[in-house]
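The values are calculated or read from the model by the stated rules, or taken from the named source; none is laboratory data. All values reported here derive from a predicted model rather than from experimental measurement. Cβ: placed from backbone, ideal geometry, glycine included. Neighbour counts: every protein chain shown.
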Amino acid sequence: MKKIFLASAIILLFLASCTNDKDILNSLNDYNISQQSKGYHFGDKLHIPQDVLDYSEAITISYGDKESSKLTIDPSFFTLGENDVTFNIKTKSGEVLQQDATINVFAKAKARAMNYEVVNQYPHDTDFFTEGFEAHGDVIYESVGLKQKSKIIKYTLGSRTPIVEVPQHDTIFSEGITVFGDKIYQLTYQSKKGFIYDSNIKLLKEFEYPSEIAEGWGMTNDGKNLIVSDGTKNIYFLNPENPSQIVRTIAVASDTEGYDQINELEYHNGAIYANVWQKPIILKINPANGEVTGIIDLSNITKQNTVGNDDVLNGIAFKGDNMLITGKNWSRIYELSVK
């Protein structure tokens, strides 16, 4: 009889322990979900529910291949935007519980709305599935995408007649482009390689992407480094002498929102301007830390040019201090005076 009573007591303790474990994980999960829209800033202390703290002997956080016992938003551990982490909870009974969570980190400074005025319009070939777009004075360099249709084109702004047109292999899906010194650099979508041309668009050599870059999307440069996006929240700075080498990486977020699918890029006057795929906006980004300092809402222009899912805003260049924008298969290039 005593053995039966003892076994029953052990089972009850086990069930109670399992229930407590489940309740603790649910409590942490519910709290993290409630915090996602509010987010954190660098330097903030992570909020852990009191019942979780009371139940725990120690808590650490894993993020990628890193682990930390500091329950603060440390910039050496977290990045701006979404951070998919795992909480490791060592209970007072010696068990280790794990709970996955998404922690959003936002910029501290408020992103300001940037107004604009359309000061000119130019024709744009509707056959151009625009992936890369750059202006040097009145000369436009454009990287046109899609397999079996990819090419680089050089033409005069206002004209639809190419100065130079270089078709690419049928297997290539062209992406971002930038003119760096006397060379032209170009990305490809999923081929894991890029191309380097001379000023006449004669191929000089190819290069392989760093393994961290999944796909080629947007490209620009700041005069020192190539700047590349891959459709995530990250922007990568590459060594132009060795484009397979990442110099540093930033992630992009405003004071209220983390952004992924960062696409076409342009660098101008110390800032990065970026499209967000499928959104009618351009972000002005601090290249030092990825914080969004300004947002240009181009909904009115995109509504006039977008019919389906593919003909989206996707082209940023500068003519002096005026911004040039276009999109995939758009019939117009717009010159904007941005306030």
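Would you check if Lys110 is farther than 27 Å from Lys224 by Cβ and over 24 Å from the mean Cα position of the chain (by Cα)? Step through it out loud before you land on a result.
Values: farther than 27 Å from Lys224 by Cβ: yes; over 24 Å from the mean Cα position of the chain (by Cα): no.
Considered against the rule, which asks whether it is farther than 27 Å from Lys224 by Cβ and over 24 Å from the mean Cα position of the chain (by Cα), Lys110 comes out as no.
For segment 145-185, how many residues meet the condition of being within 22 Å of Gln121 (Cα to Cα), assigned to a strand (DSSP E or B) and free of Cβ contacts under 8 Å to residues at least 40 places away in the same chain?
Qualifying residue count, segment 145-185: 5.
Within segment 144-171, how many residues are touching a Lys or Arg at 6+ places or on another chain (Cβ under 7 Å) and either closer than 16 Å to Lys202 by Cβ or not assigned by TED's automatic domain parsing to the domain that holds Val312 (or both)?
So the answer is 7.
Considering Asp255, Asp321, Asp311, which residue is of a type in the set (Asp, Glu) and over 24 Å from Ile140 (Cα atoms)? Show your work before the answer.
Details: Asp321 fails: over 24 Å from Ile140 (Cα atoms); Asp311 fails: over 24 Å from Ile140 (Cα atoms).
Of the residues listed, the single one that is of a type in the set (Asp, Glu) and over 24 Å from Ile140 (Cα atoms) is Asp255.
For the structure I just gave you, tell me whether Ser254 is closer than 28 Å to Glu165 by Cβ and of a type in the set (Gly, Ala, Ser). Let's see the steps before the verdict.
On the way: closer than 28 Å to Glu165 by Cβ: no; of a type in the set (Gly, Ala, Ser): yes.
The answer is no for Ser254.
How about segment 148-197: which of its residues are more than 29 Å from the chain's Cα centre (by Cα) and acidic (Asp, Glu)?
The answer is Glu165, and nothing else.
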